[in-house]
4 protein chains.
Amino acid sequence: MGVNGYGTIGKRVADAINAQPDMELIGVAKTQPNFEAHTAGERGYPMYAAIPERSPLFSEAGVDLAGEVDELVAKADVIVDCTPSGIGAENRELYETHHTPAIFQGGEDADVADVSFNARANFDAARDADYVRVVSCNTTGLSRIIAPLEAEYGVEKVRATLVRRGGDPGQNSRGPINDILPNPIKIPSHHGPDVKTIFPDLEIDTLGLKVPATLMHVHALNVTLEDDVTGAHVRQLLEGENRVYVIPEGMGIDGAGKLMDFALDAGRPRGDMWENCVWGESIGVNGRDLYLFQAIHQQSDVIPENVDAIRAMFDVEDQQTSMELTDQTLGIGI
Amino acid sequence: MGVNGYGTIGKRVADAINAQPDMELIGVAKTQPNFEAHTAGERGYPMYAAIPERSPLFSEAGVDLAGEVDELVAKADVIVDCTPSGIGAENRELYETHHTPAIFQGGEDADVADVSFNARANFDAARDADYVRVVSCNTTGLSRIIAPLEAEYGVEKVRATLVRRGGDPGQNSRGPINDILPNPIKIPSHHGPDVKTIFPDLEIDTLGLKVPATLMHVHALNVTLEDDVTGAHVRQLLEGENRVYVIPEGMGIDGAGKLMDFALDAGRPRGDMWENCVWGESIGVNGRDLYLFQAIHQQSDVIPENVDAIRAMFDVEDQQTSMELTDQTLGIGI
Amino acid sequence: MGVNGYGTIGKRVADAINAQPDMELIGVAKTQPNFEAHTAGERGYPMYAAIPERSPLFSEAGVDLAGEVDELVAKADVIVDCTPSGIGAENRELYETHHTPAIFQGGEDADVADVSFNARANFDAARDADYVRVVSCNTTGLSRIIAPLEAEYGVEKVRATLVRRGGDPGQNSRGPINDILPNPIKIPSHHGPDVKTIFPDLEIDTLGLKVPATLMHVHALNVTLEDDVTGAHVRQLLEGENRVYVIPEGMGIDGAGKLMDFALDAGRPRGDMWENCVWGESIGVNGRDLYLFQAIHQQSDVIPENVDAIRAMFDVEDQQTSMELTDQTLGIGI
Amino acid sequence: MGVNGYGTIGKRVADAINAQPDMELIGVAKTQPNFEAHTAGERGYPMYAAIPERSPLFSEAGVDLAGEVDELVAKADVIVDCTPSGIGAENRELYETHHTPAIFQGGEDADVADVSFNARANFDAARDADYVRVVSCNTTGLSRIIAPLEAEYGVEKVRATLVRRGGDPGQNSRGPINDILPNPIKIPSHHGPDVKTIFPDLEIDTLGLKVPATLMHVHALNVTLEDDVTGAHVRQLLEGENRVYVIPEGMGIDGAGKLMDFALDAGRPRGDMWENCVWGESIGVNGRDLYLFQAIHQQSDVIPENVDAIRAMFDVEDQQTSMELTDQTLGIGI
Ligand SMILES: NC(=O)c1ccc[n+]([C@@H]2O[C@H](COP(=O)([O-])OP(=O)(O)OC[C@H]3O[C@@H](n4cnc5c(N)ncnc54)[C@H](O)[C@@H]3O)[C@@H](O)[C@H]2O)c1
Ligand SMILES: NC(=O)c1ccc[n+]([C@@H]2O[C@H](COP(=O)([O-])OP(=O)(O)OC[C@H]3O[C@@H](n4cnc5c(N)ncnc54)[C@H](O)[C@@H]3O)[C@@H](O)[C@H]2O)c1
Ligand SMILES: NC(=O)c1ccc[n+]([C@@H]2O[C@H](COP(=O)([O-])OP(=O)(O)OC[C@H]3O[C@@H](n4cnc5c(N)ncnc54)[C@H](O)[C@@H]3O)[C@@H](O)[C@H]2O)c1
Ligand SMILES: NC(=O)c1ccc[n+]([C@@H]2O[C@H](COP(=O)([O-])OP(=O)(O)OC[C@H]3O[C@@H](n4cnc5c(N)ncnc54)[C@H](O)[C@@H]3O)[C@@H](O)[C@H]2O)c1
């Protein structure tokens, strides 16, 4: 497997692939020899120049190159494209030229690939597909909650307000500094249609905002179910999902900062929190209306999904086996 | 009229009363001679010591005192209590002792007063009441939207996510710095029941969050109406409300920062934005489900309500006359 | 006078010119009909299209145009260029073509003009100049402190750490959200040389940082004087400067948020704080080493300087008369 | 060894002690069974109730207790007190009662202990002391730079502006949200005298500020040396210090966010950055005046110092041996 685009998502995907018993990472493509290139070097990942003209920068910086991105694409059985949104679509031609199947990320439009993918919700849809898009961090987070609710109770309608972080911790040129931005201002937002790439028949309206925080997104979720339920029943259902962490009341975790502290304390690589984090105390039911708050670690929740997508594309494992293997090798499940 | 507690809300209430042709401000009570005391002095407001033992601090700071808070309460026909939440309830005894009617703010529990008040929604409920509570900035903001929707279409259910500012601009010890906090974590939040002090029969579920911003709250609002509507019709309805500003698309206003710039440019005192600010572009309808984003200037939206509450208590004007007079004297309506 | 570029600085310059008894504002040039255009319209400022192709946007938005920027330049005796940094330099040719003198802002390089200007420090240097650059908000703030210190005690060396706001309140796309950025990383920073355009012989080393705040810059200033002084003497000296506000201890003002509240309470247009705000309590002396903290309102401190620059260029008043007239008409001096 | 107070510092000290070949961690004392108690449990640290009355809370939460804090103090050869500032001083009596030597943290006043400690600067001062205070994160950061400069060139005077983070990532109730606070307003600040507990004869003036960021402090440092130097020479000197990381220009690290990303990528526990991070590009020299920017990870830079303090108190290793052992076991040095 090769990874093209070694940034926030790419470096995590590379590590995750590297941890799988049934996969081999043959290299990563990077645009510049910055600190991420150095740690990639220390992990022994063969490095390819994503932009050939920039190759000299790598040697100047003392970073060894194994070649250029074309070579990586030619050699790989599958490329996981983790370039910035929009670049992935441009790269598709390169992958086609080499007849190399590829996985794209959620920053790309749905039509970049044959199928949009979430392991919990539609694993089988990616079987034998050549081009698969792992949906965005927000859509992944929503899908993991909707799938079990749909299966257990039936979902009449979803209304979700997505309070999104303005940028990742290292993205210091992104704002806002002191504002709350309806974003997009138009309602319903594009997030709903994105969820429908996974659940085509779902009724869903989403509202997006952007705020001055970097750690996680927080979703304020309302799901009108087809049956009356109790909060306790829903809670038990979600506690049964390995990629959902229901935060117990006594943990003293009241926001994203403490969640990240918890992940770091637990010794997770990069402090990653691959699971949806649902506040147990927040699960509230009013008739058929279910409410909850969940925090989504935008930098890592899609990582296990990329691993499972590879297995689905090559039809090597069934859904449950793949997800369990991924979870076990990465350490997912609290 | 007297104002007890001359902080963020109190100083604005004092100015608003001072601007009314049918009201006279006889003094304000303050706990300490800080910068707000200085500007009160420049405006010629007689100042009373809220905490008698601290009187000497005022003279040391060169701020003249007209007396102590007891005297102000004794002299006033009505006191507007603008002390921090919780102190108002403690003060009620003082007002009762002097048989002085009083208005409390939304930081107090509903039972501090005989009635909770919003000028647009339940003006007449405060007629002849001795103790009235002007509801909080968030409840005021919700009430102004719900009232016309209820009257025009009927409201089946309200679901509101309140993305609240962490503190006012001058409150530099409040956080969070970099977090998104479900607050309260429990859903539905206490905000819904507070709205029901104004609309007792309303179905409403609210979700609260706190984020690192100081300028305005932003509400992500869903109202399931009793009839099918169009976005255009709702927009026209809201444009007809003088205390609601429907932001036109071409203004280039995409958040609270630019809204505050707009208010400052328009020459408003303290840059106050007394109106709910609804993004026109955000008004979206899906069947009977209406959605919109609105920004609420927490420091000022309750000010006209305090003025109207006085007129309601003394039964001197009807709702429409009072609201129009308030709006005209303060400059409300864009 | 005409103003080209009607944004944060331009709209304030326009108002300031409009308030002068000896100046007439004949128009402002804007690129788009956003909310700032609307308030300009309400103030009765004739509006010119800065970018001719965009003229239709104005009429579509119902904003009347008086013409295009060329006409404004041709008509005006002087243009104050308040376009974004870099655009001013491009505009110089336009002004030369029409033989219209111009004032540029501090975002331009020093060589855009014949002289860099600060009213307190080098008023006479701009006499009869055709092209003058009013130095940046930070350099203006430093110059106002250095000038009296230099005159009174002599300055051996200045070391200044500039903790700069990341963006203005309305600039919601600027960061950082949660970071402290050495910026520029290189020391000494370019700010020192900029101060030297005003004080050519000064020894000054500056260090710049950028932080997630929008209200004001804060300078941590060290000046090694040529004589031993006392803090009290320096304080008295600065209290004598009309464009410096020495914050008294008892005001309870401990940061930029409360300073802005104070300006808004005082009824200042747009809450502007044209004066350097020096914390009286911070003025500390250790031998010949003077230290102080000052807050600089980046949006407004250069405004009076632009007004004085016009008088200097046309040689109509001497320094003291001009500065006093500006201060009196705008309301500067606390 | 026992650790009393298992929060930000305490949990790191416990892990660091646990990693030493010549030390044994016999338990940690905690006040409540929150998420940190859970991870302590997973690491197998015996847990003691810091506040006896709260013991039942632990059993209710399913956390096993080994006893109460008195027992831990009685058993331990040394206690590292990591309670919130002020509590340490109160605890001293407890340690004296049991004749247990103790280490305090920098939040305590200097007189809580016999000696203030920094491994690089005054290791030997702690030999055989019963009560030692490891100085604060800021003082530790300054000491590590001053010690080699003093030894190599002699230091005439230090002027340091400390741009401090408002709170740690999990401390979501701390501000400011959008402000730059001179803090303390008084100059010189108390930080200078704190540095003098390590370097009694040093000339140092410090200025402190607080800003809305959580990741690291940033110091803008000026050191007037006794000799003329070159930037290259200073850089080489600092590159020779194992607890100082001189950030190379090509790494693309321009702030605290990317530094933290780098630490996380490198696989460091909790993403800790024990070293001072000095931007190589920032090292600037003007005559005898040296300038530089450094970032200090407040949560972790004092951790190795606590380990070394233990060895110094028990006189088991000399300075160099202890520091090398600490660095090697923790993984310090980039
Ligand atoms: N960061 C998130 O929160 C997040 C979450 C889920 C999905 N995604 C999606 O993942 C994708 C990657 O996002 P990211 O956050 O990792 O971005 P990033 O900017 O952190 O990383 C992208 C990397 O690609 C490199 N790159 C740029 N142009 C390239 C090219 N032409 N060829 C190869 N590499 C190139 C960049 O140098 C960088 O290292 C996007 O589609 C994004 O929408 C991001
Ligand atoms: N700030 C807002 O966003 C906002 C919005 C709507 C309603 N409210 C409500 O308005 C009330 C006042 O809030 P605020 O934001 O103006 O608070 P504030 O802290 O800005 O002002 C309160 C003032 O009361 C003074 N005070 C304290 N104790 C006092 C006492 N015993 N007697 C008299 N004065 C005393 C304080 O010194 C201060 O000047 C609260 O109930 C609050 O919940 C606040
Ligand atoms: N904002 C500050 O803090 C500050 C302080 C002091 C000096 N300055 C300097 O003042 C200047 C203006 O800055 P600002 O903050 O007001 O910027 P701004 O972006 O707020 O305003 C610039 C205005 O110029 C307009 N504009 C863009 N291109 C134009 C063109 N070709 N012709 C005419 N108008 C055009 C923009 O639409 C905008 O309205 C810059 O040089 C800046 O460095 C800014
Ligand atoms: N966080 C930093 O940035 C930092 C850096 C250097 C030094 N320090 C200093 O380290 C010390 C600890 O700070 P921290 O940031 O780890 O604080 P913290 O609040 O994260 O942790 C303190 C811990 O002590 C516990 N505690 C409270 N009262 C107690 C008691 N009576 N007995 C035992 N435990 C008690 C708390 O529950 C908490 O777990 C302070 O002196 C602080 O000034 C902190």
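The values are calculated or read from the model by the stated rules, or taken from the named source; none is laboratory data. Computed from a predicted model, the values in this text were never measured in an experiment. Methodologically, a virtual Cβ is constructed for each residue, glycine included, from the backbone with ideal geometry; neighbour enumeration extends over all protein chains shown. In case anyone asks, the SASA skips ligands and DNA or RNA and just uses the protein heavy atoms, side chains included. Shrake-Rupley method; radii C 1.70, N 1.55, O 1.52, S 1.80 Å.
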Worksheet, complete the sentence: One finds the C-alpha centres of the range C:60-117 and the range A:121-178 to be spaced, in Å, by 49
Practice prompt. Give the percent of DSSP beta bridges with both residues in the protein assembly as shown that are antiparallel, rounded to the nearest 5.
Written response: 45
Item to complete: Just read off the accessible area of residue B:241 with the full protein assembly in place, 1.4 Å probe, to the nearest 10 Å².
Response: 30
Worksheet item: How many nanometers, to one decimal and shortest first, lie between the label point of residue A:60 and those of its other copies, if labels sit 7 Å from Cα toward Cβ?
Response: 4.5, 6.3, 6.4
Discussion item. Using the Cα centre of the range A:1-91 as origin and beta-carbon charges of +1 (Lys, Arg) and -1 (Asp, Glu), tell me which of A:26, A:67, A:9 is placed farthest towards the positive end of the dipole.
Written reply: A:9
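Can you give the accessible area per residue of the range D:138-280, in Å², using a 1.4 Å probe? Each step should come with its number before you reach the end.
Values: 3960 Å² over 143 residues.
Value returned for the range D:138-280: 28 Å² of accessible area per residue.
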Worksheet item: Over the range C:137-296, what is the relative contact order in whole percent, taking alpha-carbon pairs under 8 Å and six or more residues apart?
Response: 28
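At R0 = 45 Å, how high is the FRET efficiency between residue C:236 and residue B:74 if r is their beta carbon distance? Nearest 0.05 is fine. Provide the component values of the computation, followed by the final result.
Details: r = 45 Å, r/R0 = 0.99.
It comes out at approximately 0.50.
So for chain A, averaging the separation of alpha carbon pairs under 8 Å that are six or more residues apart and normalising by length, what relative contact order in percent results?
Numbers: 683 pairs, mean separation 55.8, N = 334.
About 17 percent, as a whole number.
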Worksheet item: If you count, for each residue, the other Cβ atoms within 10 Å and average over each peptide, how do D:184-190, A:181-187, D:225-231 line up from highest to lowest?
Response: A:181-187, D:184-190, D:225-231
Worksheet, complete the sentence: Expressed as a whole number, the average count of other chain Cβ atoms within 10 Å around the Cβ atoms of A:263-273 is 5
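Using a ≥ b ≥ c from the Cα gyration tensor of the range B:137-296 (square roots of the eigenvalues), is it rounded, prolate or oblate, where a/c under 1.5 gives rounded and otherwise the larger of a/b and b/c decides, a/b for prolate?
On the way: a/c = 1.90, a/b = 1.20, b/c = 1.59.
It comes out oblate by the Cα gyration axes.
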Fill in: Axis-nearest residue in chain D [Cβ, rotation onto B], distance in whole Å
D:175, 2
Discussion item. Compute, for the protein assembly as shown, the length of the dipole vector about the Cα centre, with Cβ point charges of +1 (Lys, Arg) and -1 (Asp, Glu) only. Units Debye, rounded to 20.
Written reply: 0
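Can you say what percent of the DSSP beta bridges in the range B:126-222, counting only those with both residues inside, are antiparallel? Round to 5. Walk me through the intermediate numbers first.
On the way: 7 of 15 bridges.
Around 45 percent antiparallel, to the nearest 5.
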Worksheet item: For label points placed 7 Å from Cα toward Cβ, what is the shortest-first list of nm distances from residue A:324 to its copies?
Response: 5.1, 7.5, 9.0
Worksheet item: Quick one: putting +1 on the C-beta of Lys and Arg, -1 on the C-beta of Asp and Glu, what dipole do you get for chain D around its Cα centre, in Debye to the nearest 20?
Response: 1060
Discussion item. Can you tell me the length gained on complete extension of the stretch residue B:42 to residue B:19, counting 0.36 nm per residue apart and subtracting the Cα distance?
Written reply: 6.7 nm
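Rounded to the nearest 100 Å², what is the buried accessible area between B and A, both sides summed, probe 1.4 Å?
On the way: alone 14390 and 14370 Å², together 25180 Å².
Roughly 3600 Å² of accessible surface disappears when B and A pair.
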Item to complete: Determine the distance separating the Cα centre of the range C:256-334 from the Cα centre of the range D:199-233; give it in Å without decimals.
Response: 30
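Specify whether the C-alpha gyration tensor of the range D:223-334 places it in the rounded, prolate or oblate class, a ≥ b ≥ c being the square roots of the eigenvalues: rounded for a/c under 1.5, otherwise prolate if a/b is larger than b/c and oblate if not.
Details: a/c = 2.45, a/b = 1.27, b/c = 1.92.
Since a/c reaches 1.5 but b/c is at least a/b, the shape of the range D:223-334 is classed as oblate.
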Fill in: Unit charges on C-beta of K, R, D, E only; dipole of the range B:137-296, Debye
700
Practice prompt. Can you list the distances in nanometres, one decimal and ascending, from the residue C:44 label point to the identical position in each other copy, with the point 7 Å along Cα to Cβ?
Written response: 2.7, 8.0, 8.4
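Does the protein assembly as shown come out rounded, prolate or oblate, given a ≥ b ≥ c as the square roots of the eigenvalues of its C-alpha gyration tensor, rounded meaning a/c under 1.5 and, failing that, prolate meaning a/b above b/c?
On the way: a/c = 1.28, a/b = 1.09, b/c = 1.17.
Judged from the Cα gyration tensor, the protein assembly as shown comes out rounded (a/c under 1.5).
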Worksheet item: In deg cm²/dmol and to the nearest 500, what is the mean residue ellipticity at 222 nm of chain A if only DSSP H runs of at least 4 residues count, each as -39500 (n - 2.57), divided by the residue total?
Response: -9500 deg cm²/dmol
Fill in: Nitroxide proxy distance, nm - points 7 Å out along Cα→Cβ at residue A:59 and residue C:288
5.5
Discussion item. Among C:219, C:171, C:189, which residue has its Cα furthest toward the positive end of the charge dipole of the range C:137-296, with +1 on Lys/Arg Cβ and -1 on Asp/Glu Cβ?
Written reply: C:171
Worksheet entry | Average beta carbon contacts from partner chains per residue of A:56-66, 10 Å cutoff | 1
